[in-house]
Each structure stands twice: as C-alpha cells, then as structure tokens.
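Remarks on the structure that follows.
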Amino acid sequence: MTGGIRFESVTVAYDGTVVLDALDLTVEPGEVMALLGPSGSGKTTALRAVAGFVRPVSGRVFLGGRDVTDLPPYRRGVGMVVQQYALFPHLRVEDNVAFGLKAQKVARSEIRPRVAEALELTGMAEYGRRYPRELSGGQQQRVAIARALAIRPGVLLLDEPLSALDAQLRSGMLSELARLHRELPDVSILYVTHDQVEALTLADRIAVMDKARLQECGTPRELYRAPRSEFTAGFVGSANLLPVSVGERGVFFGEQRIEVRGVVEGAATLCVRPHLVGLGAGPNQLSGTVSEVQWRGATHRVSVEVDGHRVMADVPELKAPPAHGDVVTLHFAPEDATLLAVGVGHE
C-alpha cells in the first residue's frame with residue numbers, strides 16, 4: 001500500500017462522550033507527523049482510528065487515497081508499534097518479526113529474506129535467535145519496529161514508542177528513528193507522543209491536540225517560533241506568556257511599552273521563549289526581583305517576578321549568578337516576541 005493518511009471530519013465517541021472531535025488532517029506520503037498533546041487529548045484515539053481498532057461515529061479515514069473506514073485492521077496494511085512492544089516471549093526474535101508475514105500468508109520462501117531485511121534495517125541482524133527476555137529495552141523496541149516494517153507498510157504507526165526507555169536510550173532511539181525515516185522515504189509515519197522534544201526532533205510537522213480537538217498544525221519551527229495560541233506556545237517548548245494590552249499607543253505590559261512584531265487588537269498575550277531573554281540592558285527592558293535560579297549545566301535559568309508575573313531567562317552559565325531577592329533587568333528583541341490573540345486555537 002502506498003503511503004499517506006487523511007482524516008476527514010473523523011469523530012470518535014465512547015458511551016456518548018466525544019474523545020476525538022471532527023479531526024481534519026492530512027499526512028503526506030513519506031512525512032513524519034507527530035500528534036502531540038497531554039493525556040486525554042485524542043491523539044492515541046486518532047492513531048487507533050487509522051489502525052482500525054476504533055470505529056468513527058462519523059467521518060472517514062483514507063490510506064494512500066483509499067477509504068479504509070470500514071476495513072478490519074488486518075486489511076489496512078499498516079505497521080504499528082505500541083508502548084510495551086507486545087513481543088511474544090515464547091518466540092525468538094526472528095519468529096516475532098515473521099509473525100505479521102505469516103498472518104498475511106506471505107509465501108514461506110519470502111518470509112526469511114524479509115525478516116532478515118527488517119532486522120538489518122533496525123540493527124538487530126545478530127539477534128535473530130534470541131528471545132525477548134535476553135534483550136534490553138532498546139533492543140526489544142527495535143524488534144517491535146522490525147516486525148512492523150517486515151510487512152512493508154505504507155504507513156507506520158508509533159504510539160509512545162519511547163516512553164518505556166530511560167533518557168539515554170530514548171535519545172539514541174530518536175536518532176535511530178530519524179535514520180530509519182531517511183532509509184524509508186516513502187513510508188508515512190504517524191507518531192503519538194506527549195514529549196515535545198521527541199516531536200521537535202523527529203517530525204516534519206506537528207499536530208497539537210487538546211480536549212479531543214486539533215488545536216494547531218505546522219512545522220516544528222513554525223509552532224516554536226510563531227505559535228498562534230497560548231496552548232501551543234506553552235506546550236511546544238517553554239514560554240513566557242505575559243498579558244498585554246494593545247491599542248493606538250502600542251503594546252503595553254502594565255505601564256511598560258513593548259516593541260513587538262505582529263499586530264493584535266485589544267487584549268493579547270505576549271509570548272517570548274526563555275532562551276531569547278537576556279540579563280542586563282537592551283530593548284524591551286523589564287525590571288523585577290529574582291525568585292529562583294536553577295543551574296542546568298551549560299545554562300542558568302533565572303526566574304524574575306515582574307509586576308506579579310514570572311519571567312524566565314535561560315542564559316549561558318554565569319560565574320556569579322544573581323541571588324534570590326536581587327533586583328535585575330531583563331530584555332528581549334522585538335523580533336523574538338510574538339503576540340497571541342486571547343482564546344485563539346483553544347476552547
């Protein structure tokens with residue numbers, strides 16, 4: 001099956017409660033789309049609707065241009081990897097990988113070379129005779145991916161695939177998944193996660209979900225640099241979100257005039273990322289009292305109370321960081337700040 005996914009006003013409900021509300025979204029062939037959002041946002045339900053594990057109460061699901069809404073999972077030709085990998089403990093690695101091929105009644109003469117191909121692709125060629133219990137968590141995850149790839153799907157579904165791994169393994173597997181994507185340029189990947197770093201690292205585009213609805217969709221850079229809503233700004237990376245007023249005299253945070261790109265009438269929220277806020281004099285100066293200083297290795301995060309609001313600045317490691325209670329000045333460039341209309345993109 002060729003790649004590509006299209007949700008056409010897909011709604012899913014359980015016992016009358018809507019858990020996915022009128023989702024319209026297209027994943028292009030060869031694209032990695034991350035569904036990012038908190039628990040209960042509808043992202044896993046969307047993935048399960050593609051796999052065929054849940055049936056929409058309305059709307060249609062298309063794979064490779066074909067309407068698959070009424071097809072059972074085994075006829076959709078998708079590969080899927082879930083959080084706990086779901087490997088069969090009594091089967092060797094090679095038999096786990098062959099499972100989907102046997103279920104599809106692939107000719108026996110084809111199964112062995114396709115298993116070998118999938119294991120080679122995931123760096124597990126030397127582990128075919130082992131059992132899952134003889135593998136690390138990261139290796140088990142690779143086997144689960146190999147099993148999904150062995151059927152040569154046009155669409156690969158990944159449901160929080162790294163959540164069971166520790167931080168070091170997670171970082172390594174992100175690199176492996178990125179490499180895998182480069183080697184399989186025609187496979188569309190739908191990647192469900194609540195981890196913003198995973199989404200920013202791996203995805204071509206990110207669909208931000210909350211309260212069963214799609215809030216915003218764009219490239220990682222678009223969502224990080226110029227989000228349209230407070231929810232996206234706060235969920236995709238750290239953000240300073242400050243209430244401002246916008247009028248004929250300009251943009252004001254309290255009594256302080258702020259220079260900023262973009263124009264939004266009336267009440268608005270100013271968004272500026274902590275790493276774009278500096279200590280000392282400069283454009284858009286704000287003065288306040290230090291409430292917290294965190295050392296983060298290469299950087300310090302300095303939190304400052306300004307007119308009752310916390311403003312965070314991530315600055316290069318300081319030899320003499322300010323102390324709690326010190327009065328300091330912060331600044332940020334006009335081009336590094338974004339105005340968000342109150343209520344946009346989040347109900």
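The values are calculated or read from the model by the stated rules, or taken from the named source; none is laboratory data. For clarity, every value in this text was computed on a predicted model and none was experimentally measured. In this analysis, Cβ positions are derived from the backbone assuming ideal geometry, glycine residues included, and neighbour counts consider all displayed protein chains.
Determine if segment 120-135 includes at least one residue that is crowded, with 17+ Cβ neighbours inside 10 Å, within 27 Å of Thr17 (Cα to Cα), among the aliphatic types (A, V, I, L, M) and touching a residue at least 60 places away in the same chain (Cβ under 8 Å). There is no residue in segment 120-135 that is crowded, with 17+ Cβ neighbours inside 10 Å, within 27 Å of Thr17 (Cα to Cα), among the aliphatic types (A, V, I, L, M) and touching a residue at least 60 places away in the same chain (Cβ under 8 Å). In contact with a Leu (Cβ under 7 Å, 6 or more places away or on another chain) and on the phi < 0 side of the Ramachandran plot, is that true of Thr232? Judged against the criteria, Thr232 is a match. Exactly one residue among Arg310, Arg296 is at pLDDT 95 or above and either closer than 23 Å to Tyr224 by Cα or not assigned by TED's automatic domain parsing to the domain that holds Glu255 (or both), and that residue is Arg310.
Every test in (1) surrounded by fewer than 16 Cβ atoms within 10 Å (Cβ to Cβ); (2) of a type in the set (Phe, Trp, Tyr); (3) within 16 Å of Arg76 (Cβ to Cβ) is passed by Phe7 save one, and that test is (1). The residue pairs whose first member lies in segment 328-342 and is assigned to a helix (DSSP H, G or I), whose second member is not aliphatic (A, V, I, L, M), and whose beta carbons are closer than 8 Å, counting only pairs six or more residues apart or on different chains, are Pro334/Glu259; Pro334/Arg261; Pro334/Pro283; Pro334/Asn284; Glu335/Arg261; Asp336/Arg273.
Condition test on Val302, is it over 32 Å from the mean Cα position of the chain (by Cα), more than 24 Å from Asp195 (Cβ to Cβ) and not aromatic (Phe, Trp, Tyr)? Don't jump to the end; show me each part of the working.
Numbers: over 32 Å from the mean Cα position of the chain (by Cα): no; more than 24 Å from Asp195 (Cβ to Cβ): yes; not aromatic (Phe, Trp, Tyr): yes.
In short, no.
For the condition free of Cβ contacts under 8 Å to residues at least 12 places away in the same chain and farther than 30 Å from Ala199 by Cα, what is the one hit in Gly282, Gly250, Gly254? Please lay out each step first, then the result.
On the way: Gly282 fails: free of Cβ contacts under 8 Å to residues at least 12 places away in the same chain; Gly254 fails: free of Cβ contacts under 8 Å to residues at least 12 places away in the same chain.
Answer to the check: Gly250.
Of all residues in segment 206-241, exactly one satisfies the criterion of being buried (at least 19 other Cβ atoms within 10 Å of the Cβ), over 25 Å from Arg310 (Cα atoms) and more than 14 Å from the chain's Cα centre (by Cα), namely Ala212.
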